[in-house]
Amino acid sequence: MSTAGFNSQNGTGTGQAYANGPSQNPVALQQLPGVNYGMTHQPTYNPMQAKAPAPAGPGLYPTGPYQPIPPVSSYQSGLPPTSYPAPPGQPLLTRPPMAGLPSHTPPQSASPSPGPRLPPAQATPPPPPVSSSSYYQTPQQPQSMTPTWQYNTAPPPMGPPASMNTPPRGLPANHVSSAASSTAPPPPVSSAAYSSAPPAHVSHSTTQPGPGMPPTSLHGYTQSGTAPPPMNPMAPHTYQPNRAPYGPPPTGPPPTMKPAPPPTGPPMANATPPPPDAQCGGAVNSTLSPTEPDNQEGDIECPGTMAGNGPQAPNSYNHVDNKMAGPPQPGPPGRHLGHYPSLPPGYQNTPTPHNATPPMHPALQAATQPYTQAPQPYQQPPVGPGPAQLSPSLAAMSLQSSTPEALRVVNLLQERNLLPPGPIPAPTPCLPQDLQKINCNPEVFRCTLTSIPQTQSLLNKAKMPLGLLLHPFKDLSQLPVVTSSTIVRCRSCRTYINPFVSFLDQRRWKCNLCYRVNDVPEEFMYNPVSRSYGEPHKRPEVQNATIEFIAPSEYMLRPPQPAVYLFVLDVSHNAVETGYLNVFCQSLLDNINALPGDSRTKVGFITFDSTIHFYNLQEGLSQPQMLIVSDIEDIFLPTPDSLLVNLNECKELVQDLLKSLPTLFEKTMETQSALGSALQAAFKLLSPTGGRMSVFQTQLPNLGVGALQSREDPNQRASAKDIQHLSPATDFYKKLALDCSGQQVAVDLFLLSSQYCDLASLGCISRYSAGSIYYYPSYHHQHNPAQVECFQKDLKRYLTRKIGFEAVMRIRCTKGLSIHTFHGNFFVRSTDLLSLPNVNPDAGFAVQMSIEENLDDMQVVSFQAALLYTSSKGERRIRVHTLCLPVVNSLSDIFAGADVQAITGLLACMATDRSVTASLSDARDAMTNASIDSLSSYRQSVLTIQQPGLLAPACLRLFPLYILALLKQKAFRTGTSTRLDDRVFAMCQLKYQPLAYSMLMIHPSLYRIDDLTDEGALNINERTIPQPRLLQLSVEKLSREAAFLMDAGTVMYLWIGRNCNPTFLTQVLGVPSYAAVPDNLYLLPELDTAESQRTRAFIGWLRDQRPFFPSLHIIRDESQRKASFMQNMIEDRTESALSYYEFLLHLQQQISK
């Protein structure tokens, strides 16, 4: 098959804007601003879409007043968020985009400023040019022609981009696929794929009716009267608890064990499996290394039909490309509320109930109250501790029976203290308790909606994104590991057996993703834990939602690769000046015995300036031998066999080299950097085995292939309305990354620089090879000791952390759901298979999903992520995570299950892509409109009594605050001087950091720490950890008599008030007075006082919770870093951004239109 599908998924066009993960449609990158990216006909809710109606005609370009004009000030009138067509004779109100803020300084007041940002409620300024600013697309309105963000649909198929006609070269990797070379050719690509006509080939969004599949409309939901006959119809009676545990083949409901979602299609037990090309993904590049073997079909991760999502066209790539949205969802025009008197007392600062279970946060306690009776229908079966049978009544359990805490109405304009005192836990899905106990840990696998809507139209109505956030290789304190010659998987969709399957009897189990009935293998009848026979439901695979298998030989084509580490070091004059080489060499010397690996581990070194230097470390040499290659245009390996050496056999030579490297180049005057050629040499060296390439770079590459020129204008950092150069200047680094990915090589980039390095271009080398990016701006061994400490700690973690080689990951979901966009660092090898040459425990991923078939007869759905990798010890392993969530049919239930942090994290990923493929202002507008849309939907569709004010359910009370925090985050802020590399790095972090870490970067934590006590403290490893309460990010919470710690994820600030308590100064900082606090203090002295121990214990505890090392800056009022500290005061007004209260007024103004 051609490479068209792969190139389009991963955006390999020449010089085109990158999109990490599945790239945005290449065509979109060439279109005019304001033009739709490639129109799709499935109208799902998209938070990145324009709020204006499009002209009636089907043309591709907007006409009339809606020409593609940059959005203007956002506090002018705009379309009603509900976007019903206006009644005849009435003009449409337009909703303003959230655009750049005015440069003037408005009056400091709590009311809207009189400027253009917040006009008085009665003023009606002329409508602004329409912004392309929403995330969600919805049906029944002319398509909007402005660029849109798509949430829940699959994109049209894309053709090959302008270049990159050869796929990554493939080494036989440790995965097998079925005959990929025999797959059908990809559909012909024509201009129709980008026109307003629907795509010509079968895609998930426009599937034609076929055997076993109901006809579907182009709107993604099943037409009435076309539902398929239920498969294995449910018996009219529910489970009787005293029935025998196992019996004859069932005629009624499954008697015991797992939740069995009622089937929704024809019986599949005797169904013909899909053809091999569709079954193995079809889109696997035939020239790539074969992927993932399996003991049945020769493909370990071979999904039958895209995780049971219905028939899939072979070579269908549309799941992973970015889709364009359609028009907004119509809704009744909301009445204009204006400014209302305050709410009645019953709605003000309602006290939180305290009768819920202790482990839950008060804000979420009542969310489970309607389900406290749930275990009653789910009596424990007599077979033991397995999960109980799921009662059909779960689907009918509505939250409306009593208002849970999650749906408590909050008037955001009146309740100021919304932040809980401590960390916000993930909401608990409303499942029976026995299922919930074994559900996947939300730190590993969580969904933006913990209650899944039955239909796409219901999801569209809720105006919230549906997606998953994963941390698949997270370090876990407890991980069950199973060694078995038989890994039990569904014969149809290849799902791994898990706690949410149902056993029909001892010998048969039903898959919870595609509902196929499978036989239980004889070996599975024996339980290695209890050493008993005949109880397959008690096996560890069926008792743990996260489990790791040691794979048998069928899961590999070649012997597992050894751990191979290649270090590529910049040794130009600029690099030597920073002093990083000393730190690197010393750190590697200190940790060389802790590198993950076994007796086969290999290491190698390359250094470069204007030439490339190799190091012969062959056993038998008395000292390392440097080999210099000056022909950087045609790079070659001088002695290919002795540059990568066995670490155990050549450790002394390696140590000698590390001791001599810093002095070897200390007198260099070579200023040029041939990074591109060094990377090509490193790729040649690692290609035969695969492995990890660690690149250390300190300046803009300026020689040979991949040379770059400075694209940043420092004078435009604050004044530019739209930020330029967020996309790469060349596709050299991306192409090389794809070559690396094909040979199982990942590239990690350490950028240590005091000047612009074009991270937007260089970052592609890591982004598409599943590497990591580390960035240390203004790094210098003398002038910036805090950065040096940071680099040392990060490097130690990097060198010693767990690592997986030649990995692939596939995410499956229950039939009816589909995945269409991925976020993170990887290469998309086929529709749902991510290629990860290396996987590390600090990498996060996100996916967007849509509902392709109605989930009417299902009570629960499941998601499964399977990660196949080679451990550093040479074992082939499979880590499997399974998440189960309930299906609901009411909007109130959907809102009650909203996970506000997961929603924010997913929107941050989407906004990053939107900033690169469209513009930063588009992304900002879309984020603002996402909060307007969801609160508007809640007001119109869930609230039974319309009240004045800006109303939100308690579970979404922090949503506007988080959106404002994103707008002020380094990645998306405007009007504030922000270095281009800093901005790009912030975007990279939002894309690949696990949610727990990225949320701190979005909304930092503020604590008062001059009065720490042991009250409520944690005791961890005989250490007492104080637990001060979280404070709002506002200057009004600061006091000159106190000291405050701000934890912003990658950096911490300790702000000392001018009149700070002298006891704190002497007992914690070791200084006699405020004036004696040094300017560049970044370490707390280790004093033998209770106050010092408490403070250091608390800061150390915060640092221990993340894999990177946040530097600490102790600042006074006069400190240079005070500005950075104050920029994180999200709730306060700045010259270029609204205060939180003004932002709420803006939201209210839009929702009330």
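The values are calculated or read from the model by the stated rules, or taken from the named source; none is laboratory data. What you see is a predicted model; the values in this text were computed from it and never measured. Here the Cβ is made from the backbone with ideal geometry for all residues, glycine too, and neighbour counts use every protein chain on show. Note: accessible area is taken over every heavy atom of the protein model, side chains too, but ligands, DNA and RNA are not part of it. Shrake-Rupley method; radii C 1.70, N 1.55, O 1.52, S 1.80 Å.
Would you confirm, using the coordinates I've provided, whether Thr689 is in a loop (DSSP other than H, G, I, E, B), touching a strand residue (DSSP E or B) at 6+ places or on another chain (Cβ under 9 Å), touching a residue at least 40 places away in the same chain (Cβ under 8 Å) and open to solvent by 20 Å² or more (accessible area, probe 1.4 Å)? Outline the logic, then answer.
Values: in a loop (DSSP other than H, G, I, E, B): yes; touching a strand residue (DSSP E or B) at 6+ places or on another chain (Cβ under 9 Å): yes; touching a residue at least 40 places away in the same chain (Cβ under 8 Å): yes; open to solvent by 20 Å² or more (accessible area, probe 1.4 Å): yes.
When the stated conditions are applied, Thr689 passes them.
Restricting the range 1081-1098 to residues that are touching a strand residue (DSSP E or B) at 6+ places or on another chain (Cβ under 8 Å) and not in a helix (DSSP H, G or I), the residue that is surrounded by the most Cβ atoms within 10 Å (Cβ to Cβ) is Leu1081. When Trp1101 is tested against (1) aromatic (Phe, Trp, Tyr); (2) touching a helix residue (DSSP H, G or I) at 6+ places or on another chain (Cβ under 6 Å); (3) open to solvent by 30 Å² or more (accessible area, probe 1.4 Å); (4) not in a loop (DSSP other than H, G, I, E, B), just one condition goes unmet, and that condition is (2).
What are the residues in the range 1114-1136 that are open to solvent by 20 Å² or more (accessible area, probe 1.4 Å), not polar (S, T, N, Q) and not in a loop (DSSP other than H, G, I, E, B), if any? Matches in the range 1114-1136: Lys1122, Ala1123, Met1126. With respect to (1) touching a helix residue (DSSP H, G or I) at 6+ places or on another chain (Cβ under 9 Å); (2) open to solvent by 60 Å² or more (accessible area, probe 1.4 Å), the lone exception for Ile628 is condition (1).
If I ask for residues that are touching a Pro at 6+ places or on another chain (Cβ under 7 Å) and either touching a residue at least 40 places away in the same chain (Cβ under 8 Å) or among the basic types (Lys, Arg) (or both), which ones from the range 626-640 would you list? Give the derivation first.
Quick first cut of the range 626-640, residues touching a Pro at 6+ places or on another chain (Cβ under 7 Å) only: 627, 629.
Matches in the range 626-640: Val629 only.
Taking the criterion of being in contact (Cβ under 8 Å) with a residue 60 or more places away in the chain and among the small types (Gly, Ala, Ser), the residues of the range 769-818 that qualify are Ser769, Ala770, Gly771, Ser772, Ala786, Gly804, Ala807, Gly816, Ser818. For the range 970-990, filtering for residues that are touching a Ser or Thr at 6+ places or on another chain (Cβ under 7 Å) and within 21 Å of Gln1105 (Cβ to Cβ) leaves 2. Strands (runs of 3 or more DSSP E) fully within the range 959-1062 that include at least 2 residues being more than 30 Å from Leu449 (Cβ to Cβ), of a type in the set (S, T, N, Q) and touching a residue at least 60 places away in the same chain (Cβ under 8 Å): none found.
When restricted to residues that are in contact with a strand residue (DSSP E or B) (Cβ under 8 Å, 6 or more places away or on another chain), open to solvent by 10 Å² or more (accessible area, probe 1.4 Å) and touching a residue at least 40 places away in the same chain (Cβ under 8 Å), the range 610-625 contains 1. Scanning the range 498-553 for residues that are within 34 Å of the chain's Cα centre (by Cα) and among the aliphatic types (A, V, I, L, M) yields a count of 8.
Just one of (1) modelled with pLDDT of 95 or more; (2) touching a Ser or Thr at 6+ places or on another chain (Cβ under 8 Å) fails for Pro552. It is (1). Filtered by the rule that a residue be surrounded by 12 or more Cβ atoms within 10 Å (Cβ to Cβ) and in a loop (DSSP other than H, G, I, E, B), the range 640-665 gives Pro640, Ser642, Leu643, Leu644, Leu647, Asn648, Glu649, Cys650, Phe665.
Take Ser919 and decide whether it is under 28 Å from Pro728 (Cα atoms), surrounded by fewer than 24 Cβ atoms within 10 Å (Cβ to Cβ) and among the polar types (S, T, N, Q). Judged against the criteria, Ser919 is a match. Which pairs do you get when a residue that is surrounded by fewer than 16 Cβ atoms within 10 Å (Cβ to Cβ), found in the range 580-608, comes within reach of a residue that is in a strand (DSSP E or B), reach meaning Cβ atoms under 9 angstrom, with the pair 6+ apart or on two chains? Sorted first by the residue in the range 580-608, then by its partner, the pairs are Ile592/Val603; Ser599/Asn646. In the range 884-891, the condition of being in a strand (DSSP E or B), open to solvent by less than 10 Å² (accessible area, probe 1.4 Å) and within 25 Å of Gln1148 (Cβ to Cβ) is met by no residue. Of the set (1) open to solvent by 10 Å² or more (accessible area, probe 1.4 Å); (2) touching a Cys at 6+ places or on another chain (Cβ under 6 Å), all apply to Val860 but (1). With the requirement that a residue be assigned to a helix (DSSP H, G or I), touching a residue at least 12 places away in the same chain (Cβ under 8 Å) and either surrounded by fewer than 22 Cβ atoms within 10 Å (Cβ to Cβ) or among the aromatic types (Phe, Trp, Tyr) (or both), what does the range 542-559 give you? Matches in the range 542-559: Glu554, Tyr555.
Of the strands (runs of 3 or more DSSP E) lying entirely inside the range 819-861, the ones with 3 or more residues being more than 17 Å from Leu995 (Cβ to Cβ) are found at 827-830, 833-839.
In the range 423-524, which strands (runs of 3 or more DSSP E) lie fully inside it and hold 2 or more residues that are crowded, with 22+ Cβ neighbours inside 10 Å and aliphatic (A, V, I, L, M)?
Values: elements: 445-447, 467-470, 481-483, 502-505, 508-510, 517-519.
By residue number, 467-470.
Just to verify a result, which residue in the range 1038-1073, among those that are under 42 Å from the mean Cα position of the chain (by Cα), over 12 Å from Arg1008 (Cα atoms) and β-branched (Val, Ile, Thr), is least open to solvent (accessible area, probe 1.4 Å)? The extreme case among them is Val1068.
A count restricted to the range 941-977 and to residues that are over 23 Å from Leu1033 (Cβ atoms) and among the hydroxyl-bearing types (Ser, Thr, Tyr) stands at 2.
The residues of the range 1063-1080 that are outside any loop (DSSP other than H, G, I, E, B) and either touching a residue at least 12 places away in the same chain (Cβ under 8 Å) or not hydrophobic (A, V, I, L, M, F, W, C) (or both), listed by number, are Thr1063, Phe1064, Leu1065, Thr1066, Gln1067, Val1068, Leu1069, Tyr1074. Screening Asp933 on (1) closer than 30 Å to Thr546 by Cβ; (2) crowded, with 24+ Cβ neighbours inside 10 Å shows it passes everything except condition (1).
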